[in-house]
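Just so it is clear, none of the values below were taken in a lab; they were calculated from the coordinates. Bear in mind that the values here come from a model prediction, so they are computed numbers and not experimental data. Here the Cβ positions follow ideal geometry from the backbone for every residue, glycine too, while neighbour counts run over all protein chains shown.
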Amino acid sequence: MSASGTEEERPELVCQLEHVQGLVDALSAVRWKRHQDAVLELSEHGIVLVVQESGCLQAKLYLKRELFVRYDYNAQVRPRFGLSLGIFVECLNAFSVPAHSTPIQIQYPGPDMQLLLKSVDSMDASICAEIRTRIPETIAWDYNFEPAGTNPLTFTVKSAALKEAIEDLEWPGSSIQVILEPDPPSVTLRAEGHGDLQVHFASSLNS
């Protein structure tokens, strides 16, 4: 194998953290809902995690390289990828043992562009986890508004019912499509992500 081929196969980041519970606490502080997505950016200075809500609320977590006992950064361009923050926290919790320091190794990317977690220096058992990542900001906003004349399409629904529907449709990496049908009057919310789910609101008025 050539030296150039070996260089290309090196992970862009391999780092080790001595105390995983501190990272869990920090991530939990910026996780404000159950299904929370995050974007990670890796650099020679450390890791930045960003969570954002509807473009109006944003939180950033900075993990400086000095926090890690090992930090090997080999990327030419700063890697940037998205993942489920909830899954990330749950995986890290699997490495957390009460009253015991559990060092872990974090590597990116894996063979299929995963984020890899692995316990190190464990005498009892080795714990490994793989987290699927995705390219951030790949959801295209599609607006298809047709002229409605002097009577634009509108609908009224109880806020509690709409909130419950949005929460049911809020899957990691999903987008929500709103479909308004004038005849018969109805509104359909459809989400596509790790599956397909629809919530249908029919008119309560009798024609």
What does the convex hull of the alpha-carbon atoms of the stretch 11-131 project to on average, in nm²? 7.8
Among the listed pairs K33/K60; K33/K118; K33/K163, those beyond 23 Å (Cα-Cα): K33/K118
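Among V30, V187, what is the fewest-to-most ranking by other Cβ atoms within 10 Å? Don't skip to the end; give the middle numbers.
On the way: V30 16, V187 19.
Least to most surrounded, the residues fall as V30, V187.
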